[in-house]
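Report on one structure; see the data block that follows.
The values are calculated or read from the model by the stated rules, or taken from the named source; none is laboratory data. None of the values given here were measured: they were computed from a predicted structure. Glycine gets a Cβ as well: all are built from the backbone with ideal geometry, and neighbour counts include every protein chain shown.
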Amino acid sequence: MTEYQAPLEEIRFALGISRCMNEQAAAGDFETDDVNAILLQCSKLAERVFSPLNALGDREGCRFENDIVTTPPGFKEAYSTYARAGWNGVGLPARLGGQAMPFAVAISVSEMLNSANLSLAMGLMPAPGAIELIDRFGSEHQREIYLPRLISGEWTVTMALTEPQAGSDLGAIATRAYVENGSLLIKGRKSLITWGEHDLTENIVHLVLARSPNGGPGVKGLSLYLVPKLRLEGGSNDVKCIGIENKIGLKSSPTAFLVFGENGAATAELLGKENGGLEQMFILLNQARLRVAAFALGSAERARQAAVGYAGVRVQGRDAQGNPTVIANHPDVRRMLTSMEARTEAIRLLIAYAASFVDGADASLAETKVRLEILTPIVKAWCTETGFDVASTGVQIFGGMGYSEECEASQYFRDARVHMIYEGTTGVQANDLIFRKIRLDGGSGVRKLFRSIETSLTSERSADDGGLLFVGEKISASLALLNELTDSIIAQNGARLAGLRANGAHYLMFSGTVLACWLTWLAASRATASDVSAAGEFARRKKRNARFLVAQYLAPAAALAKSALSGQMLDLCEAE
């Protein structure tokens, strides 16, 4: 089993790149002593506390007996260490007792914990968003009761949206709030709730999206409710776990089926205004989508480290001189290792770039908000699709052993598969990008993004480019094609929209590939100014990764997008 080592140099470098490319300068300062200290301390938590439990958790899994979920040995203690050290507060404002770090720094903290132990880290994901919602929309009483306990980690929180008949279609939610004898109660069932039941904390607060007492059909009748597992005054709140999923991966992350109000006694508190649940929940979901991208980064980085370690010691075959050699020296394996490194770096750069806009995405910075809205579906989908492929490549490098459950590569592969499903599938993200973002504003927002990329391609070019001029030219040509495809997307209407919905994912993935190539090119261009001890080798790897991404991935993505969005391919997807 490969021991996880936090890539602090890469994380700091990605933060620096994202900060300098945020035109609205809303990202904050990522190069302070405080930031470096936080990253260093988190690396120790990840390496020494979370990581040693990862393989054990996969073997042991969670147990469900007599309505009780028991996590693997050591998980409760690891969570307690995390909570006592105040890690829930990294990205929270100082007025709430947080450390007021930019969102990009907070998500870099998440990367390390995700890489070290993804199952455990998944239970931590909802807390920052839930805290923000309660702070923004909660009553004084709710802020007083819930915030201190969630911030300290005394209680955990879930996002209770999905139901057996209502996944991405939130309008089909059947769980309902009702008033009885002056009390607000909840009745219904929620499925696939991550960390919906566990033994890490005594109480769990469920953010439940449910139909209002007088709410009509569809999404407009939904409100958001706070429903704790235990009543505030003590005792059960009629929230029952009736089982946990037997998943192909993430064995130690309990995914619960919850029943609310089976005995008519699940008390709830309305959060914010009635029938405003969807609007509030999307605040949570948009950040959650970036955090799921960080899950994919964690999977990719852990799989990459394992593959590098194995390839460096596994002797198989002979070199050009006929001597036995490790597989890392075989050209095909070197290609795969390079693909893992280049794409993992690109995922990290994309997440950091998008995250740098989060803190400024408010009404006073409209352009920042639009940029974040464009980036979020691209980053979520591209990073999760790519992260899974990186983990799959890791299995290939391990060869026959990679397909065995005795091999760590198998776990990273299994764990990574769900990222493309969480918080909206790739198709859902593509429809969001195309129909809610691009077509609504006539492509204005996405074209501004493309222009900013082209501007940087021009301004960053240098005479001694180490072969990067070719890379920049290829990215510029791809931007021209993206603009052409954007025009095509806006022009579609009538029956052709069905084909656009079917093939829109290819446009999204091409857009993500262009963004990834651009950021990797930018990283290579600036690497020579890096203050790392081995700046020469660091810069060499960055240039190699940029050239590799463009040569291996840009052209196929462009060809597929162009073909899929042509009239003929759109016609193939029309309803008969």
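Given the criteria out of contact with any Cys (no Cβ under 9 Å at 6 or more places or on another chain), part of a helix (DSSP H, G or I) and among the small types (Gly, Ala, Ser), does Ala342 qualify? Please lay out each step first, then the result.
Numbers: out of contact with any Cys (no Cβ under 9 Å at 6 or more places or on another chain): yes; part of a helix (DSSP H, G or I): yes; among the small types (Gly, Ala, Ser): yes.
For Ala342, the condition - out of contact with any Cys (no Cβ under 9 Å at 6 or more places or on another chain), part of a helix (DSSP H, G or I) and among the small types (Gly, Ala, Ser) - is met.
I'd like to verify a number: residues in segment 472-517 that are part of a helix (DSSP H, G or I), of a type in the set (S, T, N, Q) and surrounded by fewer than 18 Cβ atoms within 10 Å (Cβ to Cβ), how many? Steps first, answer last, please.
The initial filter retains those residues of segment 472-517 that are part of a helix (DSSP H, G or I), namely 472-491, 496-517.
Subset that is of a type in the set (S, T, N, Q): 476, 478, 483, 486, 488, 503, 511, 513.
Narrowing the set further to residues that are surrounded by fewer than 18 Cβ atoms within 10 Å (Cβ to Cβ) leaves 476, 483, 488.
Going through segment 472-517 one residue at a time, the tally reaches 3.
Just the residues that are under 17 Å from Leu118 (Cβ atoms), outside any loop (DSSP other than H, G, I, E, B) and touching an Asp or Glu at 6+ places or on another chain (Cβ under 9 Å), please, taken from segment 68-82. Talk me through it step by step, then tell me what you get.
Step one: list which residues in segment 68-82 are under 17 Å from Leu118 (Cβ atoms), which gives 71-72, 74-75, 78-79, 82.
Those still in the list that are outside any loop (DSSP other than H, G, I, E, B) too: 75, 78-79, 82.
Residue satisfying the conditions is Phe75 alone.
Residues that are without any contact (Cβ under 8 Å) to a residue 60 or more places away in the chain: find the strands (runs of 3 or more DSSP E) completely inside segment 175-266 holding 1 or more of those. It would help to see each step written out before you state the result.
Numbers: elements: 176-180, 183-194, 204-211, 222-228, 239-244, 255-260.
Answer list for segment 175-266: 176-180, 204-211, 222-228, 239-244.
Looking only at segment 377-411, count every residue that is among the hydrophobic types (A, V, I, L, M, F, W, C), assigned to a helix (DSSP H, G or I) and out of contact with any Gly (no Cβ under 6 Å at 6 or more places or on another chain) and tell me the total.
As a first pass, look at segment 377-411 and keep what is among the hydrophobic types (A, V, I, L, M, F, W, C): 378-379, 381-383, 388, 390-391, 395, 397-398, 401, 407, 409.
With the extra rule that they be assigned to a helix (DSSP H, G or I), the set shrinks to 378-379, 381-383, 388, 390-391, 395, 397-398, 401, 409.
Retained after the next criterion (residues that are out of contact with any Gly (no Cβ under 6 Å at 6 or more places or on another chain)): 379, 381, 383, 388, 390-391, 397-398, 401.
Residues flagged as among the hydrophobic types (A, V, I, L, M, F, W, C), assigned to a helix (DSSP H, G or I) and out of contact with any Gly (no Cβ under 6 Å at 6 or more places or on another chain) within segment 377-411 amount to 9.
Is segment 106-120 home to any residue that is farther than 21 Å from His419 by Cα and modelled with pLDDT of 95 or more? Quick ask: steps written out before the conclusion?
Residues of segment 106-120 farther than 21 Å from His419 by Cα: none.
The answer is no, given that none of the residues of segment 106-120 is farther than 21 Å from His419 by Cα and modelled with pLDDT of 95 or more.
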Any residue that is farther than 19 Å from Met125 by Cα, modelled with pLDDT of 95 or more and in contact with a helix residue (DSSP H, G or I) (Cβ under 8 Å, 6 or more places away or on another chain) - is there at least one of those in segment 253-268? no
Given Gly57, Gly89, which one is modelled with pLDDT of 95 or more, out of contact with any Asp or Glu (no Cβ under 9 Å at 6 or more places or on another chain) and not aliphatic (A, V, I, L, M)? Gly57
When you scan segment 274-292, do you find a residue that is touching a Cys at 6+ places or on another chain (Cβ under 6 Å) and either in a helix (DSSP H, G or I) or not hydroxyl-bearing (Ser, Thr, Tyr) (or both), even just one? no
Which of the residues belonging to segment 277-319 are surrounded by 21 or more Cβ atoms within 10 Å (Cβ to Cβ), closer than 26 Å to Phe398 by Cα and of a type in the set (S, T, N, Q)? Ser299, Gln305
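Kindly evaluate Asp58 against the criterion of being touching a residue at least 40 places away in the same chain (Cβ under 8 Å), part of a helix (DSSP H, G or I) and of a type in the set (Asp, Glu).
Values: touching a residue at least 40 places away in the same chain (Cβ under 8 Å): yes; part of a helix (DSSP H, G or I): yes; of a type in the set (Asp, Glu): yes.
The answer is yes for Asp58.
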Quick one: in segment 190-237, which of the residues that are within 24 Å of Gly123 (Cβ to Cβ) and basic (Lys, Arg) is farthest from the chain's Cα centre (by Cα)? Arg231
Looking for something crowded, with 17+ Cβ neighbours inside 10 Å, within 29 Å of Asp359 (Cα to Cα) and within 28 Å of the chain's Cα centre (by Cα) - is there at least one such residue anywhere in segment 256-267? no
